[in-house]
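Values quoted throughout were computed directly from the atomic coordinates according to the rules given, and no laboratory measurement underlies them. Fair warning: this is a prediction, and the values are worked out from it, not measured in the lab. Here Cβ is always computed from backbone atoms with ideal geometry, including for glycine, and neighbour counts include all displayed protein chains.
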Ligand SMILES: [Zn+2]
């Protein structure tokens, strides 16, 4: 959240000395022009997962090489990490791992990758990552001035 606010503050640096209405109008115009640009950039992206999460997934896949999964029950695995011999419980049904990386970040950890490889199930089928197309549809519904209804309340 701190990074987001710092980025926003640096963007509005040009108009921070303006009156509040002028500054708000500049921010509105900036966002209105930024969203279609990002939507267009996103629509040209062909992968199912965005670049940074995809990079994280590949890093976890590489690091899963020293993890050994043992099947416990339906969707449950005990994964032993090779060098440290730490043990983690992965529940593919409830999308949890006892290292909590999957819960906190939303990207499957190396233990989950090891469990998925043990089951030999396609990776995208067992993860909770949303396909990219749904985020494009969501972003196109934001701040669409043609469909926006304005109501004026007089007191
Ligand atoms: Zn884990």
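Computed from the C-beta positions of residue 44 and residue 117, the FRET efficiency with R₀ = 35 Å rounds to 0.65. With neighbour counts taken as other beta-carbon atoms within 10 Å, the residues 111, 95, 51 rank, fewest first, as 51, 95, 111. Look at the alpha carbon pairs under 8 Å that are at least 6 residues apart: their mean separation over the length of the stretch 51-131 gives a relative contact order of 27 percent.
Ordered by the count of other Cβ atoms within 10 Å of each Cβ, fewest first, 8, 68 give 8, 68.
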